[in-house]
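The values are calculated or read from the model by the stated rules, or taken from the named source; none is laboratory data. Quick caveat, the model's predicted, so the values are computed rather than measured. Ideal geometry is used to build each Cβ from the backbone, glycine not excepted, and the neighbour counts take in all protein chains shown.
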Amino acid sequence: MGKCRVSIVMLTKNAGTAFEKTLNSICNQDFDWPYEIILVDSGSTDDTLKIIKKFDVRLFRIPPDEFNFGLTRNYAFSMASGDFIVTISQDVVPCSVSWLQYLIDPFCDNNIAAVQGSTVVQANTDVFYWEKKGYFYFTSEHRKWMEKYKCGLSFVNCAIRRSFWQGHPLESVLFSEDKLFQKMIHDYGMEVYFSEEAVCYHGHQYSMKSLIRRLKNEGIGWKYAGVSYGLVDCLKDIYHNKWLIRKSIGSMINGEIHTMQELLFPLLRPICVYHGNSKGI
């Protein structure tokens with residue numbers, strides 16, 4: 001593979017104090033070529049901007065009311081000079097100094113338009129029970145997507161070929177711009193490569209309100225990606241995954257589940273995804 005230049009792009013807003021770990025890990029990669037870091041902040045009011053000033057990065061700022069996942073990523077990507085654009089979320093921490101190399105190496109195959117990295121939950125961290133157990137995406141819309149596309153492209157931790165994006169810019173979408181981009185890759189006849197070695201730490205904790213909002217937004221995002229999730233799908237998922245309800249009750253009894261949102265998740269996910277997906281775009 002010839003020499004290339006890489007742009008690491010992040011969207012930020014109120015990233016929190018742990019954000020410094022993310023930037024430290026990115027800045028200390030053992031990588032064969034020069035790379036730049038581009039941040040687009042949409043109105044941070046915490047210490048995010050102070051943390052950013054500690055690092056050699058290019059910072060751009062937009063008003064909060066101008067933020068749109070598709071269009072803001074287009075703007076951020078347009079600032080990039082690299083042949084390859086790495087996208088990583090502000091709450092994700094690369095696990096090793098080889099993370100970036102593992103993301104970029106597969107592009108030696110010219111038919112690869114994107115490389116998807118993997119994520120793991122860091123030990124001894126406060127993470128939502130169902131994420132920790134690997135059952136967060138148990139509903140049928142996700143399973144069908146994986147059956148068709150083999151992996152789910154996520155801008156949480158991935159790299160894309162800049163020339164492909166230039167010919168296929170993102171659309172104005174509220175959510176799931178990464179899945180829409182994956183569909184464009186598939187329809188064009190190119191591929192997404194999954195790199196298990198390009199691994200990052202990632203995990204969330206949710207309040208009841210934030211969980212419901214997240215799940216409804218997923219439903220809306222699937223609609224942008226052309227995936228329908230109707231009432232019948234919702235009811236089938238609840239019925240066929242009754243064992244998750246039993247597991248939830250058992251995990252509450254043995255002390256693994258501590259919150260109402262974790263207890264009710266096997267019902268909340270299908271109901272909320274259906275509610276979001278049934279909305280008009």
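When G226 is tested against (1) assigned to a loop (DSSP other than H, G, I, E, B); (2) in contact (Cβ under 8 Å) with a residue 24 or more places away in the chain; (3) more than 23 Å from R161 (Cβ to Cβ), just one condition goes unmet, and that condition is (3).
Which residues, counting only those in region 158-173, are in contact with a helix residue (DSSP H, G or I) (Cβ under 8 Å, 6 or more places away or on another chain) and either at pLDDT 95 or above or surrounded by 15 or more Cβ atoms within 10 Å (Cβ to Cβ) (or both)? Matches in region 158-173: C158, A159, I160, R161, R162, F164, W165, H168, P169, L170, E171, V173. Could you say whether any residue in region 241-252 is in contact (Cβ under 8 Å) with a residue 40 or more places away in the chain and either touching a Ser or Thr at 6+ places or on another chain (Cβ under 6 Å) or buried (at least 21 other Cβ atoms within 10 Å of the Cβ) (or both)? No: zero hits.
Might you let me know whether region 162-173 holds any residue that is among the hydrophobic types (A, V, I, L, M, F, W, C) and more than 16 Å from the chain's Cα centre (by Cα)? Yes, region 162-173 has at least one match. Taken together, Y135, Y129 contain a single residue that is assigned by TED's automatic domain parsing to the domain that holds R161, surrounded by fewer than 18 Cβ atoms within 10 Å (Cβ to Cβ) and at pLDDT 95 or above, which is Y135. Selection over region 181-223 of residues that are under 30 Å from L264 (Cα atoms), out of contact with any Ser or Thr (no Cβ under 7 Å at 6 or more places or on another chain) and either of a type in the set (S, T, N, Q) or in a loop (DSSP other than H, G, I, E, B) (or both) gives a count of 6.
D178 satisfies every condition listed in (1) acidic (D, E); (2) surrounded by fewer than 18 Cβ atoms within 10 Å (Cβ to Cβ); (3) under 26 Å from L71 (Cα atoms) except (2). Quick check on my filter: what residues within region 54-80 are among the basic types (K, R) and either surrounded by 14 or more Cβ atoms within 10 Å (Cβ to Cβ) or over 13 Å from E20 (Cα atoms) (or both)? Listed by number, the residues that qualify are R58, R61, R73.
Considering only residues in region 174-197 that are under 17 Å from the mean Cα position of the chain (by Cα) and of a type in the set (S, T, Y), the one that is modelled with the lowest pLDDT turns out to be S176.
Just so you know, in region 54-80 the residues that are in contact with a Ser or Thr (Cβ under 6 Å, 6 or more places away or on another chain) and either in contact (Cβ under 8 Å) with a residue 60 or more places away in the chain or among the polar types (S, T, N, Q) (or both) include one that is farthest from H168 (Cα to Cα), and it is N68.
Residue by residue, here is whether (1) in contact with an Asp or Glu (Cβ under 9 Å, 6 or more places away or on another chain); (2) in the same structural domain as I245 (by TED's automatic domain parsing); (3) more than 15 Å from K179 (Cα to Cα) holds:
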residue	(1), (2), (3)
F107	yes, no, yes
N111	yes, no, yes
Q122	no, no, yes
E141	yes, no, no
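A single entry from I26, I37, I51 fulfils the requirement of being part of a helix (DSSP H, G or I), assigned by TED's automatic domain parsing to the domain that holds E177, free of Cβ contacts under 8 Å to residues at least 60 places away in the same chain and surrounded by 14 or more Cβ atoms within 10 Å (Cβ to Cβ): I51.
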